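Inspection log for the structure reproduced underneath, given as structure tokens.
The values are calculated or read from the model by the stated rules, or taken from the named source; none is laboratory data. All figures in this text were calculated on a predicted structure; none of them were measured in a lab. Reconstructed Cβ throughout: ideal geometry from the backbone, glycine too, with neighbour counts over all protein chains shown.
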Amino acid sequence: MSRGLAGVAFTDHCDVDAGRDACFGVINGLKSEVASLREAFDGILEISVGCELGEPHHDVPLSREILADGDIDFVIGSLHRRRGDLDYHDIDYDRADIDAMMRGYYEELLELAESGCYDVLGHINYQERYMSESARCRLDLSSYGGEVLEILKVVASAGKGIEVNSSGLGRGLGHPLPDADVLEAFRRVGGEVLTIGSDAHIAARVGGELDGAVKFLKGAGFGRFAFFKGRKPSFHDV
Ligand SMILES: [Zn+2]
């Protein structure tokens, strides 16, 4: 492929709060699209059926049912909104109580991590992507080291992974989501599984900033990344 990718996982959004029918509608649609792509790219590109399972801890039975679908290769567990709250995409950060918001985020992210309904945790510190410059100045991520470490320990001890989401690099943050300190902490608590995601949403961004993400991954002491097929990671050296 012209962007040098050996494989790609399509991870369409599937929010459990939207209900069972909506979730399986997304998944079944993706399965049939991937089936025709696999025919077209046979021997050229490895293609996985994935899903970005939104807020799986809000409905664990439904999440488990989705995870039991034998055709799904890869599941990113993500947190875009707390129960009854707005998507972090839609928050007015200049008026928000940033500290209360971050504490609430980590509380639910821990709940998500403990649910076990994912292969990797997606874009930790997702909010950073949408914060205004001035709100970002009021954000001191170093004060949440303990909360983050607790989450990373749960993920690592379950043999699961985290996503290095390169969108932060493409959007001027200067680092992926999460940043280098979280990646290093994950390695220190025994985490081994890292996937790289461009969070592209449009074709032009597929594979965007992957070299940058690899640099961060290496800088944090990792020598490989994972690609999932059949919910199992295979590792590729960097
Ligand atoms: Zn997401």
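Among the residues in the stretch 23-33, are any part of a strand (DSSP E or B), touching an Asp or Glu at 6+ places or on another chain (Cβ under 6 Å) and modelled with pLDDT under 95?
So far as the stretch 23-33 goes, no, none of its residues is part of a strand (DSSP E or B), touching an Asp or Glu at 6+ places or on another chain (Cβ under 6 Å) and modelled with pLDDT under 95.
Yes/no per residue for (1) within 16 Å of the ligand (Cβ to nearest atom); (2) out of contact with any helix residue (DSSP H, G or I) (no Cβ under 8 Å at 6 or more places or on another chain):
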{"position": "Ile72", "(1), (2)": "no, no"}
{"position": "Arg81", "(1), (2)": "yes, no"}
{"position": "Ala100", "(1), (2)": "no, yes"}
{"position": "Glu114", "(1), (2)": "no, no"}
{"position": "Leu121", "(1), (2)": "yes, no"}
{"position": "Glu128", "(1), (2)": "yes, no"}
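Quickly run through the stretch 60-78 and pick out the residues that are surrounded by 14 or more Cβ atoms within 10 Å (Cβ to Cβ) and more than 17 Å from Arg20 (Cβ to Cβ).
Asp73, Phe74, Ile76, Gly77, Ser78
Among Tyr93, Tyr106, which is touching a helix residue (DSSP H, G or I) at 6+ places or on another chain (Cβ under 8 Å), at pLDDT 95 or above and of a type in the set (Phe, Trp, Tyr)?
Sole residue among the options that is touching a helix residue (DSSP H, G or I) at 6+ places or on another chain (Cβ under 8 Å), at pLDDT 95 or above and of a type in the set (Phe, Trp, Tyr): Tyr106.
Could you give me the residue pairs with C-beta distances under 7 Å whose first residue belongs to the stretch 12-39 and is farther than 16 Å from Cys117 by Cβ, whose second residue is part of a helix (DSSP H, G or I) wherever it lies, and which are 6+ apart or on separate chains?
From residues that are farther than 16 Å from Cys117 by Cβ, the pairs are Asp12/Val26; Asp12/Leu30.
Within the stretch 35-58, how many residues are away from the ligand (no atom under 16 Å from the Cβ) and surrounded by 20 or more Cβ atoms within 10 Å (Cβ to Cβ)?
Total meeting the criteria: 2.
Give me the pairs: first residue in the stretch 108-122 and at negative phi and of a type in the set (Gly, Ala, Ser), second residue within 14 Å of the ligand (Cβ to nearest atom) and modelled with pLDDT under 95, beta-carbon distance under 9 Å, and six or more apart or on different chains, which are they?
Gly122/Thr11; Gly122/Asn165; Gly122/Leu177; Gly122/Gly197; Gly122/Asp199
Determine if the stretch 186-202 includes at least one residue that is more than 25 Å from Asp73 (Cα to Cα) and either touching a His at 6+ places or on another chain (Cβ under 7 Å) or away from the ligand (no atom under 16 Å from the Cβ) (or both).
Checking the stretch 186-202: at least one residue is more than 25 Å from Asp73 (Cα to Cα) and either touching a His at 6+ places or on another chain (Cβ under 7 Å) or away from the ligand (no atom under 16 Å from the Cβ) (or both).
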